Structure formats: structure tokens, C-alpha cells
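Presented below is the structure to which this report refers.
The values are calculated or read from the model by the stated rules, or taken from the named source; none is laboratory data. Nothing here was measured: the structure is a model prediction, and the numbers come from that model. Note that each Cβ is placed from the backbone with ideal geometry, even for glycine, and that neighbours are counted across all protein chains shown.
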Amino acid sequence: MARFASLVDSLGGTPLVGLPSLSPTPDVRLWAKLEDHNPTGSIKDRAAIAMVEAAEKEGRLHPGSTILEPTSGNTGISLAMVARQRGYRLICVMPENTSVERRQLLEMYGAQIISSPAAGGSNQAVAQAKELAAQNPDWVMLYQYGNPANAEAHYTGTGPEIVADLPSITHFVAGLGTTGTLMGVGRYLREHKPGVQVIAAEPRYGELVYGLRNIDEGFIPELYDPEMLDGRFSVGPDDAVHRTRQLVEREGIFAGISTGAILHAALGIADKEVAAGRKADICFIVCDGGWKYLSTGAYAGTLDEATAALEGQLWA
Amino acid sequence: MAIEVRIPTILRTHTGGNKTVSGSGATLGALVEDIDNQHPGIKGRLVTDEGKLHRFVNVYVNDEDVRFTGALDTELKDGDSVTILPAVAGG
């Protein structure tokens, strides 16, 4: 069924495609879950729509309500779309070192942006949003980092879709931001496919982004439960850009830079499985398309130039 | 045996501003002891009084989070690369 009553209703049911060129052998195969096929073009549509619908059910949102959210971009864009459809006002607190495309999209959807300092990264955006929420008790902060509806969207949607399309799955690899995708799909796999390895890939940014004043300002999303993971890899911008380009060149998939980081971790696992002589079906998430990141410089010039251009930017 | 350790900005007060230091040890715990001998005070920033990694400190050996490979008991070998980072928000 490819007909829907509205854009929001078309959420999920994204394609899973094989990577015939990048898979190392016929026995060790990579599969990409194309989350850019969602309503606003990213996996965050799942969390955003689920969080809004949960708040509506709980009676926290009414026509004219103001939603407040700390976001580096995709969650904000998803929320802005659904908020506009349903008559809510949206305020996003976003670090100033995020790409111009994300800002333009948010503004086009009618969201208001409050910029937080680049030096504080997303930590600062979260802290600033929490302050604003305390000052404005009538605003509704959905809070993607701690809202169970975020992980639940992946437990009821992404996870079952993957298992239905790839019953032979051995590994699941996704990005670690709010941790919602990994917590939700991870829990579904633990319950329905025990033995599947759940692997996180997290972006390693330039130093500016880690500019805390002290370690105790660190941040771990409330949703995070390390028991859902079997491994966690840090991926730098050089590897992320290299893999993002490989994905276009070898498989025709034009993805954002965080997807390159995830693919890098997935290929590392694939190599280990080949070396161990095991069969593997490795599913990884394509979080979004590359469109919103063209201005970062990641897609032009040499790899070194692209990596240098990403310094100081929140590229995932 | 030499292992390169990347130090985050926030901990460079202990390393004279150096971005990387070199140390040795058969495990991550031994390596932390060794770099603490060279740069006194750094261990207290990484490891709690109970001997566990500080909650907001992430340590990676060859890009893999050590909390999934044995934490401070993670085995090291010559040429490994260790990265220390504070925990920050994504999303």
C-alpha cells in the first residue's frame, strides 16, 4: 500500500536495500535501511511524530500549544513539519555551528530558532532549553533525550520492520545521538532475536564541540541503557566522509555524513566476520540524505579538504 | 611499549597543554597509572575513588569504547591508540 491520508501517515515502512558492491563476500552482506524515505527525509520523523502523538494522548498538547526542543537539526525539522500540520508553535534551541540548510528548513516550516553557543555543543543547547522550559511552564518540552516515546517508535516500528525484511540479521548498526534508535531497536532485537549484535557508531567531532568547563558538565541521555549494546565505536570525520562518498560512488546512495560514520563501523564488523569465516547479515541505518550537508564542504574537494571543512561543525 | 593517548582540551592542564601523551601498560588501568606518574593528577579526573571510569568520561582503544571491552581491564598492545573524550549530547 503506497497511498496515505496525509504525509504524516506515510511514516516508516522504509526500504531495506542490499549493498552488492560494498559487501565483502556473498556470505557477509550489508543491508541499508533507508530512513531518508520518511516524511521530512530523516529517521527523526519516527521519534518526533511518536513524541507529539504521545503528548497529545496525555493531554499535554492543545491547539496553539508551544513546543520547545533542543535539537541539532533533524528532530527540529520533523517536529516543525508535524507541529505546523497540527497547529502548534515550535521553538528549537540549536547550536550555532549547525548547517545553514537545517536552519532554512526550520524557518520554512515556521519554527523559531534560538541559537546556543558553538563552544557548548549540544550539551549547551540541552541546558539552555531546560532553563527556558523552567521559565515558561506552559511550554511543552518533548525532550528527545529522555522521552520514552522516542525509543518506543523504534521498538514498535524500525525494529519489527528490519526483522520482517531480514530474518537472518546478525548485526544491527546505528548512530548514537539521543540513543533512541539503538535503545528501541536494541530492545526489540534482545526480545525477538537474541544473539543479534547491537552496535553503536558515534561521531567524533572537532575539539570545539567538547569544550566543557569541567567533566561534570558531561551529558548522557536519560534513555541510554548500555545493556542494549554489544559495542560502541567512535568515528572521526575523515572516516565518515570517506564512507559517505563510497556509499554514493559504489552503491548510488547519497546520504548524510552521520551515515558514513555508521557505515564505517558496519564495514569494520564485516571485515571481522570475514576473517572469522562466519556468515553475517549486517543491517545499518541510513539516517538521512546528503542534501542538508552540502554547505559543510563534505562533498567537494579532496578528503583532506572535506575533513578540514568539518572541523568545529556538528556534522551529525 | 608505547601507546599514544589523545587528551581532551579539558584535561590538558595536566599535560602541559599537550594534545597527546605517550605511556605504557598491559591494560588500560596500568596505562592510566603510568600517565599519572608522568602527569600527576590525571588519574583522579578519569577514575573514581571506587576504581571505576568516571561516568562522564569515555575512553576508546582503537576507536572502540572500553566499557564494552573490559573497561580498565581492557588489554593493550604496542601501537594501540587511546582516545579520551568527555560525554557530550548528540541528536
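Here is a check on your reading of the model: is B:ASP36 part of a helix (DSSP H, G or I), among the charged types (D, E, K, R), farther than 28 Å from A:VAL126 by Cβ and more than 8 Å from chain A (Cβ to nearest Cβ)? Yes, satisfied. The C-beta contact set for the stretch A:67-79 (first residue facing another protein chain (nearest Cβ under 10 Å) and in contact (Cβ under 8 Å) with a residue 40 or more places away in the chain, second residue surrounded by fewer than 24 Cβ atoms within 10 Å (Cβ to Cβ) and not hydrophobic (A, V, I, L, M, F, W, C), distance under 6 angstrom, 6+ apart or interchain) comprises A:GLY73/A:ARG102. A single member of A:GLY231, A:GLY252 is among the small types (Gly, Ala, Ser), facing chain B (nearest Cβ under 9 Å) and out of contact with any Pro (no Cβ under 9 Å at 6 or more places or on another chain), and it is A:GLY231. The C-beta contact set for the stretch A:192-214 (first residue within 18 Å of A:TYR155 (Cβ to Cβ) and facing chain B (nearest Cβ under 10 Å), second residue surrounded by 23 or more Cβ atoms within 10 Å (Cβ to Cβ) and of a type in the set (Ser, Thr, Tyr), distance under 9 angstrom, 6+ apart or interchain) comprises A:ALA200/A:THR179. Is the stretch A:288-301 home to any residue that is at pLDDT 95 or above and surrounded by 19 or more Cβ atoms within 10 Å (Cβ to Cβ)? For the stretch A:288-301, residues at pLDDT 95 or above and surrounded by 19 or more Cβ atoms within 10 Å (Cβ to Cβ): present. Mind checking whether some residue in the stretch B:55-75 is surrounded by 13 or more Cβ atoms within 10 Å (Cβ to Cβ), of a type in the set (Gly, Ala, Ser), part of a helix (DSSP H, G or I) and in contact with a strand residue (DSSP E or B) (Cβ under 9 Å, 6 or more places away or on another chain)? Checked the stretch B:55-75: at least one residue is surrounded by 13 or more Cβ atoms within 10 Å (Cβ to Cβ), of a type in the set (Gly, Ala, Ser), part of a helix (DSSP H, G or I) and in contact with a strand residue (DSSP E or B) (Cβ under 9 Å, 6 or more places away or on another chain). Every condition in (1) under 21 Å from A:SER42 (Cα atoms); (2) more than 9 Å from every other protein chain (Cβ to nearest Cβ) is met by A:ASP238 except one, and the failing one is (1). Filtering the stretch A:13-60 down to residues that are surrounded by fewer than 18 Cβ atoms within 10 Å (Cβ to Cβ) and of a type in the set (Asp, Glu), which residue is farthest from A:LEU79 (Cα to Cα)? That would be A:ASP27. Scanning the stretch A:100-139 for residues that are surrounded by fewer than 21 Cβ atoms within 10 Å (Cβ to Cβ), within 14 Å of A:GLY76 (Cα to Cα) and not hydroxyl-bearing (Ser, Thr, Tyr) returns A:VAL100, A:GLU101, A:ARG103, A:GLN104, A:GLU107, A:MET108, A:GLY110, A:GLN112, A:ILE113, A:ILE114. Screening the stretch B:64-91 for residues that are modelled with pLDDT under 95, within 7 Å of chain A (Cβ to nearest Cβ) and out of contact with any Gly (no Cβ under 6 Å at 6 or more places or on another chain) and picking the one that is nearest to A:GLU69 (Cα to Cα) gives B:ALA89. Once the stretch A:274-316 is narrowed to residues that are touching a strand residue (DSSP E or B) at 6+ places or on another chain (Cβ under 6 Å) and of a type in the set (Asp, Glu), the residue that is nearest to A:LYS44 (Cα to Cα) is A:ASP288.
In the stretch B:76-90, the qualifying residues are those that are assigned to a strand (DSSP E or B) and touching a strand residue (DSSP E or B) at 6+ places or on another chain (Cβ under 6 Å), and the one that is nearest to A:ASP225 (Cα to Cα) is B:LEU85.
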